[in-house]
Amino acid sequence: MKPDLKIYVYFSLLIFLAGCKVYSFTGASIPPEAKTVSITYFRNIADIIEPTLSPTLTDELRDRFISQTNLALVNKMGDLQIEGEIRKYDVKPVAILGNETAALNRLTISVFIRYTNTIDETKNYEQTFSRFEDYPSDQDISQAKLILIPIINAQLVDDIFNKAVVNW
């Protein structure tokens, strides 16, 4: 086969598979009947309220679905529905030294998710996702959170997205 023809066949096959939603480059496996996704604003009901956490986590998850699927984002009643709340924002010492001081602190964020797939109810779930990052105890949390929250949010978004639409 000529090199030009090989390239044409290869790209034609990729376009066909992506168009049929049999395969996507993100690994998302979404039923072809699904056209919309609704992701409600994540309320923050943790004991400690970090004001930027709810909007950033919600927006990042919405952005992931918009950028990595062909689904349209709707306000309510999507074919795929994600709702939940932030239940934990917690800082605790870890790695205690001999003089009973902490070498590290740990920021933990947990979010409870209710996922509804109106096309395939066997995919529905309710689950708590939790991620953490450690930082030096001599660093103030108000400074550390500027770096840690984006890292933890990205991990949580990966977990929620993968559980909802990636069947590995």
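The values are calculated or read from the model by the stated rules, or taken from the named source; none is laboratory data. In this text the structure is predicted, and so the values were computed from the model without any measurement. A quick note on method: Cβ atoms are made from the backbone with ideal geometry, for glycine too, and the neighbour counts reach across all protein chains shown.
Being among the aliphatic types (A, V, I, L, M) and either under 30 Å from A34 (Cβ atoms) or at pLDDT 95 or above (or both): is that true of I141 here? Answer is no for this residue. Restricting P32, P51 to residues that are exposed (fewer than 10 other Cβ atoms within 10 Å of the Cβ), part of a loop (DSSP other than H, G, I, E, B) and modelled with pLDDT of 85 or more narrows the list to P51. Within segment 35-60, the set of residues being under 20 Å from M77 (Cβ atoms) and under 13 Å from the mean Cα position of the chain (by Cα) comprises I39, F42, T58. Out of segment 136-168, which residues are crowded, with 16+ Cβ neighbours inside 10 Å and within 20 Å of P51 (Cβ to Cβ)? Of everything in segment 136-168, those that are crowded, with 16+ Cβ neighbours inside 10 Å and within 20 Å of P51 (Cβ to Cβ) turn out to be A144, K145, L148, I149, I152, N153, L156, V157.
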